[in-house]
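Asks: First the structure, then my questions, so here it is.
The values are calculated or read from the model by the stated rules, or taken from the named source; none is laboratory data. Nothing here was measured: the structure is a model prediction, and the numbers come from that model. No Cβ is skipped: glycine too gets one built from the backbone with ideal geometry, and neighbour counts run over all protein chains shown.
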Amino acid sequence: MATHESHKKRSGLMDWLTTVDHKKIGILYLLAGGFFFLIGGLEAVLMRIQLMEPDSKIFTGELYNQLLTMHGTTMIFLAAMPIIFGFMNAIVPLQLGARDVAFPYVNAVGFWLFFFGGVLLNLSWFLGGAPEAGWTAYAPLSTVAEDTGVDFYVLGLQIAGAGTLAGGINFLVTIINMRAPGMTFMRMPLFTWASFVTSGLILFAFPALTVGFFLLMFERVFDANFFNPDMGGNILIWEHIFWIFGHPEVYILILPAFGIISEVISTFSNKRLFGYSAMVFATVLIGFLGFMVWVHHMFTVGLGPVANSIFAVATMAIAIPTGVKIFNWIFTMWGGQIRFSTAMLFAVGFVPTFVMGGVTGVMLSVPAADYQYHDSYFVVAHFHYVIVGGLILGLFSGLYYWYPRMFNRVLNETLGKWNFWLFFIGFHLTFFPQHWLGLMGMPRRVYTYMSGQDLDGANFVSTIGAILMGAGTIVLLINIIISASSKYATTKDPWDGRTLEWAMPVPTPEYNFAQTPLVRGLDALYVEKTAGNGDMTPAEPVGEIHMPNGSILPFILSLGMFISGFGFIYSNWYVAGAGLGLVLITMFLRSIIDDHGYHIHKEEVEADIKGGRA
Amino acid sequence: MKKWLQKGRFLSLFAMLALLLMGCGDPTLSTLIPQGEVADKQFQLMLISISIMILVLVVVFVLYAFVLLKFRKKKGDESTPKQVEGNHMLELLWTVIPILLLIILAVPTVMRTFEFSADAKPASKNELSIKVTGHQYWWEFEYPKEELITSQELVLPADTKVHVELSSADVIHSFWIPSLAGKTDTNPGDKNKNYMWFDTGSKTDVVYKGKCAELCGASHALMDFKVRVVSKEDYKNWVAGYKAADDKSSANADGQQVFEKNCLSCHAVGQNGGNTGPSLTGFGDKDRVAGILEHDKENLKKWIKDPQEVKPGNNMPKVNLSDEEIDAVSDYLLGLKLK
Amino acid sequence: MNAGERLTDANFPAHPEKATLEGKNKFLGFWLFLGGETVLFATLFGTYLGLRNMHLDGPSGEELFSLPLVFLATMLLLTSSLTSVYAVLSLKQNKVRSLQGWFLVTLLLGLGFLGLEIYEFIHYVHEGHTFTSSAFGSAFYTLVGFHGAHVLFGILWITTLLARNWNRGITLSNAPKYYLFALYWHFVDVVWVFIFTVVYLMGKVG
């Protein structure tokens, strides 16, 4: 590949460490997120083993609290969000018809910050114990804990969170500025719409968490007094800040799953999405309302009936746009020709499961009744129905759906079906009985329960279910390993897709579209399939393509943050300073080294087109 | 209003029957078998909301099952389905109907939310009032009017409205008696004191289970307490007996010596002793050792011998006592009974 | 045209900061970033408002704050915002020396502000108002300190930017950078106006 500007072609590990290509970063996010998903899942199974029988003594006290904290934290920040970012990276620019994201360098910074933050947090297991104050880290439990667990929590997540924020801004700009000609907002696929709204939520929710983490860190490392009542502090400040971030976070997670489900249901029913505009409007509305309901996590802290009632009604209101989505999905299938591929199975499993999580959500919005549900296993059941039954089923669906585009291979459908049924049945076995456990008086976050309280049976069933979910995940792993060892075996459009990401050859060229496509309607590719020759019409002549150079600086910058994190955790100011110094140096280098990227010549692009590679 | 309540009762009867078939749990712990006014009203709210929600579920599930069965791709059918953009009538329908359902739910929601907090201010002089303080990992109960302090076991007269003031000595806990009322957090700091109330119900000589419902540390799971509801007369006797009790109410002199030397600085018996640990007045009558173990000498010895083994992370030190001393002090403690 | 080339008056676009896709992206991305920063400072303000009367035995804001000093600091920062406006006007007229001059003044005023703030903090510590003395102390230093850190970062930014481009003209690649710095500096200035009002004026008035 000849270039007239400085451009080093790297290979192997160095290629992955320096890449700024959104497709590769998407894969990195997916791999790292998948790895943390396995760790978080293992933590969950260990907890269920402890709770299988009453008065069990396998993982007790502090250790159990570490497991529950790390399970929640890992699943939300290090598994779910990165996997979402993986799909957003891999798919959104393709769906827009863009060459890349708006800020490829920042994109790499975002990934490496998340990665090093996650590693830092998980190293706590080997360095004096993991955090034990819950993923919510309520003060003063989190501020009085004497070991370093919570320090790892606060610094690891602060670093990972900075990466997320960078990613959010990146996708907002990409979607606003880099749509192909004809790709108006109201022609964007639903997944891209969901990514757009999610990125907006990240932008406005994460800075609150950033401040929360700074306050918690100052309290622990520099003896500040925000949450210390003896020194005039107020513990409720943390709860408010955490949930002002925390509730939008729930929608940050679920909206992309809504997007995936919309794509999959539409593709496999061979029908356009029913009520597209209503779906878009509902997505935006859910995102907006997501910021005004945080107090429903705090009904029992004593904010008074006025606050509780207002937030109760606001919470109920979210059920309306969500309901619109459910019915639109059902009516997308209505009159269609449903093909039950694995991706579709997960989507089909998603809808009723999510509805069940939704209705318990409405039940929880009733403050006077929530006094009974709050912090009981009923809540545990509810949010797992939403997050596992909603988000994770959605992500699995997306994985099977986009795997051919991302990895140029199709996952085995038979194993896929085993994966689905084991996971789906296991899921309901695990979490359905937990509704009852909560109503029968079992608080959440307990490491044991005594026999003789009628809690034994449901807990036993729940553990069996968790083991089935684990088995389902193992089948997925086997499926991935088998596919990785097989040859490229895919056509560019295995599912008879409707959107732009299926319009390119496999493997996707590094510049995506050789010629930016002209979009002529919603479901751009489907429009061409029915009204044209099945190929996208180019919006521009073949020409030179400008590409960004790879860089190792994002990796080094994040490494610097990682090092300074250690310094703050152990109050070693030299190490902290050295790490931050490294960060500043990379920022400095980035600003003084002129890097205008390189160009791929017209002839090369033409050769690619001729050879069927573009 | 009345009609609505009656409907609620009818509904609750119906749902109780359904739930009984599946099992509703322990009658002294389950929110599904409410025993007092507050828990009962909360249960009714649960029933109203779940009834509306089951209606939604049924509609969605039936429609969904129909779609999945009817619109599978048939072999050899290569026709293209009609691409439908949407349907304004339908979309309006599934926006308006949920709004109506939610309004139906919102009315009792707001009503009850205000009702439960209306009386949650500090009690007037004539009402029964208690102050609850959460500690890692035990509960302190103060009866301001009766001027006595107990721990771990709340003794209350039946058919009485109880006003509760809640606070915490360390981290956040949450005070929950599922059979009688939903939970309220106990927050550290004077600014964040909470108030609630509940009704003790009509049953007497029954012990309800209480739980801590906010993660508070290593032994959060073991932070149980008991609520013993007795007749009004028994309650009066209990108060009198409790106030009369002193550290000589147990006949074990050796044990008493050990106790005074090693335990009294933290634990009170009668008017004597410190207040960093739970009061042990009338310990012999209690239901549990350390809030969780069966109330016998074996368990008491086990607890004194190594408190961390029983309740990890708790603040009771492992006092260096010989086996004989532990034996004696256990006998002494179990002998502390109210008259 | 190469983005690194010096622009001439002949080919100078009306909005050099938004003339390339890269510039457009940076422009929009930075506005969004400032949106996030707004939430960050809003959260800090919220925390401060919740804790500002919790000074325990230490001095209260009313006893501590000296309005003349803070007023001087405010004036310095407001003026620096104005000079950065002049710098951007020079940018749009392709007057690189004038741009550099105005940004140098901005930089000096920013340094002056920072100096006053450091002096002020040292003074407070002597009065017994420290980061750990009370919740008020923690909240005050965190809010005002976060702003101070933003000023410091801005100073480092403009220094690097000026030094790196001292001998270059205005190009399509550095025009967005100058412009974004000015935007950032205005934002920092606006936050200070809120701090001046919420912390100092309200602290004095009670």
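Asks: Which number in (1) surrounded by fewer than 23 Cβ atoms within 10 Å (Cβ to Cβ); (2) within 30 Å of B:LYS82 (Cα to Cα) marks the one condition that A:GLY275 misses?
Replies: For A:GLY275, the failing item is (1).
Asks: While we're here: Among (1) surrounded by fewer than 23 Cβ atoms within 10 Å (Cβ to Cβ); (2) more than 7 Å from chain B (Cβ to nearest Cβ); (3) under 25 Å from the mean Cα position of the chain (by Cα), where does A:VAL324 come up short?
Replies: (2)
Asks: Do you know which residues across segment B:242-288 are among the hydrophobic types (A, V, I, L, M, F, W, C) and closer than 12 Å to B:GLU153 by Cβ?
Replies: Within segment B:242-288, B:LEU280, B:PHE283 meet the criteria.
Asks: Just wondering, is there one or more residues in segment A:214-236 that are on the phi < 0 side of the Ramachandran plot, in a loop (DSSP other than H, G, I, E, B) and away from every other protein chain (no Cβ under 13 Å)?
Replies: No, the conditions are met nowhere in segment A:214-236.
The rows are residues; the columns are (1) of a type in the set (Ser, Thr, Tyr); (2) not in a loop (DSSP other than H, G, I, E, B).
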| residue | (1), (2) |
| --- | --- |
| B:LYS236 | no, yes |
| B:PHE259 | no, yes |
| B:LEU264 | no, no |
| B:THR281 | yes, no |
| B:GLU298 | no, yes |
| B:TRP303 | no, yes |
| B:ASN315 | no, no |
| B:TYR332 | yes, yes |
| B:LEU336 | no, no |
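Asks: Just to be sure I understand, how many residues within segment B:55-84 are assigned to a loop (DSSP other than H, G, I, E, B), of a type in the set (D, E, K, R) and more than 7 Å from every other protein chain (Cβ to nearest Cβ)?
Replies: 3
Residues are listed down the side, and each one gets a yes or a no for (1) farther than 30 Å from A:GLY61 by Cα; (2) touching an Asp or Glu at 6+ places or on another chain (Cβ under 6 Å); (3) crowded, with 20+ Cβ neighbours inside 10 Å:
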residue	(1), (2), (3)
B:SER174	no, yes, yes
B:SER179	no, no, yes
B:LYS191	yes, no, no
B:THR200	yes, no, yes
B:CYS216	no, no, yes
B:GLU233	yes, no, no
B:GLY270	yes, yes, no
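Asks: So which of A:GLY532, A:GLY581 ends up being modelled with pLDDT under 95 and surrounded by fewer than 19 Cβ atoms within 10 Å (Cβ to Cβ)?
Replies: That would be A:GLY532, the only listed residue that is modelled with pLDDT under 95 and surrounded by fewer than 19 Cβ atoms within 10 Å (Cβ to Cβ).
Asks: Looking at this structure, is A:PHE423 crowded, with 21+ Cβ neighbours inside 10 Å, in contact with a Gly (Cβ under 6 Å, 6 or more places away or on another chain) and modelled with pLDDT of 95 or more?
Replies: So A:PHE423 passes the test.
Asks: Check every one of the helices (runs of 4 or more DSSP H) wholly within segment C:1-110 and list those with 2 or more residues that are among the basic types (Lys, Arg).
Replies: Those helices (runs of 4 or more DSSP H) span C:21-51.
Asks: A:ALA133 is checked against (1) under 18 Å from the mean Cα position of the chain (by Cα); (2) surrounded by 24 or more Cβ atoms within 10 Å (Cβ to Cβ); (3) not charged (D, E, K, R) and fails just one. What number does that condition carry?
Replies: Failed condition: (1).
Asks: Among the helices (runs of 4 or more DSSP H) lying completely within segment A:53-127, list those that include at least 1 residues that are on the phi > 0 side of the Ramachandran plot.
Replies: A:61-73
Asks: Here's another thing I want to ask about it. On the basis of being within 26 Å of A:PRO131 (Cα to Cα), within 13 Å of the chain's Cα centre (by Cα) and of a type in the set (S, T, N, Q), does B:THR184 make the cut?
Replies: In short, yes.
Asks: Please work out which residue is farthest from C:VAL105 (Cα to Cα), limiting yourself to segment C:41-56 and to residues that are without any contact (Cβ under 8 Å) to a residue 24 or more places away in the chain and not hydroxyl-bearing (Ser, Thr, Tyr).
Replies: The qualifying residue farthest from C:VAL105 (Cα to Cα) is C:GLY46.
Asks: Would you confirm whether any residue within segment C:96-107 is surrounded by 15 or more Cβ atoms within 10 Å (Cβ to Cβ) and of a type in the set (Lys, Arg)?
Replies: Looking for residues that are surrounded by 15 or more Cβ atoms within 10 Å (Cβ to Cβ) and of a type in the set (Lys, Arg), one finds none in segment C:96-107, hence no.
Asks: On the given criteria, is A:THR283 surrounded by 21 or more Cβ atoms within 10 Å (Cβ to Cβ), of a type in the set (S, T, N, Q) and more than 9 Å from chain B (Cβ to nearest Cβ)?
Replies: yes
Asks: Residue by residue through segment A:330-347, note down the ones that are in contact (Cβ under 8 Å) with a residue 60 or more places away in the chain, part of a helix (DSSP H, G or I) and at the interface with chain B (Cβ under 7 Å from one of its Cβ atoms).
Replies: The answer is A:MET333, and nothing else.
Asks: Quick one: is A:VAL173 within 12 Å of another protein chain (Cβ to nearest Cβ), crowded, with 21+ Cβ neighbours inside 10 Å and under 27 Å from C:LEU34 (Cβ atoms)?
Replies: Spelling it out, A:VAL173 is indeed within 12 Å of another protein chain (Cβ to nearest Cβ), crowded, with 21+ Cβ neighbours inside 10 Å and under 27 Å from C:LEU34 (Cβ atoms).
Asks: Let me ask something additional. Suppose we filter A:THR164, A:THR198, A:THR192 for residues that are within 12 Å of another protein chain (Cβ to nearest Cβ), hydroxyl-bearing (Ser, Thr, Tyr) and either crowded, with 24+ Cβ neighbours inside 10 Å or part of a helix (DSSP H, G or I) (or both); which single one remains?
Replies: Testing whether each residue is within 12 Å of another protein chain (Cβ to nearest Cβ), hydroxyl-bearing (Ser, Thr, Tyr) and either crowded, with 24+ Cβ neighbours inside 10 Å or part of a helix (DSSP H, G or I) (or both) leaves just A:THR164.
Asks: Quick one: which residue in A:ALA368, A:ALA312, A:ALA381 is within 14 Å of chain B (Cβ to nearest Cβ), under 23 Å from the mean Cα position of the chain (by Cα) and small (Gly, Ala, Ser)?
Replies: A:ALA381
Asks: Just to be sure before I move on: is A:TYR400 at the interface with chain B (Cβ under 10 Å from one of its Cβ atoms), at pLDDT 95 or above and out of contact with any Cys (no Cβ under 9 Å at 6 or more places or on another chain) in the structure I sent?
Replies: no
Asks: For segment C:12-22, which residues satisfy the criterion of being out of contact with any helix residue (DSSP H, G or I) (no Cβ under 6 Å at 6 or more places or on another chain) and either among the acidic types (Asp, Glu) or exposed (fewer than 11 other Cβ atoms within 10 Å of the Cβ) (or both)?
Replies: Matches in segment C:12-22: C:ALA14, C:GLU22.
Asks: Can I ask one more? Filter segment A:395-449 for residues that are assigned to a loop (DSSP other than H, G, I, E, B) and closer than 30 Å to B:ILE292 by Cα and give the result.
Replies: A:MET440, A:GLY441, A:MET442, A:ARG444, A:ARG445, A:VAL446, A:TYR447, A:THR448, A:TYR449
Asks: Out of everything in segment B:186-218 that is polar (S, T, N, Q) and closer than 16 Å to A:ASP375 by Cα, what residue ends up being farthest from the other protein chains (Cβ to nearest Cβ)?
Replies: B:THR186
For (1) assigned to a helix (DSSP H, G or I); (2) of a type in the set (S, T, N, Q); (3) in contact (Cβ under 8 Å) with a residue 24 or more places away in the chain; (4) touching an Asp or Glu at 6+ places or on another chain (Cβ under 9 Å), each residue gets a yes or a no:
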{"position": "C:GLY115", "(1), (2), (3), (4)": "yes, no, no, no"}
{"position": "C:TYR124", "(1), (2), (3), (4)": "yes, no, yes, no"}
{"position": "C:GLY128", "(1), (2), (3), (4)": "no, no, yes, yes"}
{"position": "C:THR132", "(1), (2), (3), (4)": "no, yes, no, yes"}
{"position": "C:PHE136", "(1), (2), (3), (4)": "yes, no, yes, no"}
{"position": "C:VAL151", "(1), (2), (3), (4)": "yes, no, yes, yes"}
{"position": "C:TRP157", "(1), (2), (3), (4)": "yes, no, yes, no"}
{"position": "C:PRO176", "(1), (2), (3), (4)": "yes, no, yes, yes"}
{"position": "C:HIS186", "(1), (2), (3), (4)": "yes, no, yes, no"}
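Asks: Search segment A:86-100 for residues being more than 11 Å from A:ASN512 (Cβ to Cβ) and in contact with a Ser or Thr (Cβ under 7 Å, 6 or more places away or on another chain), and hand back the single one that is surrounded by the fewest Cβ atoms within 10 Å (Cβ to Cβ).
Replies: Top of the filtered list is A:VAL92.
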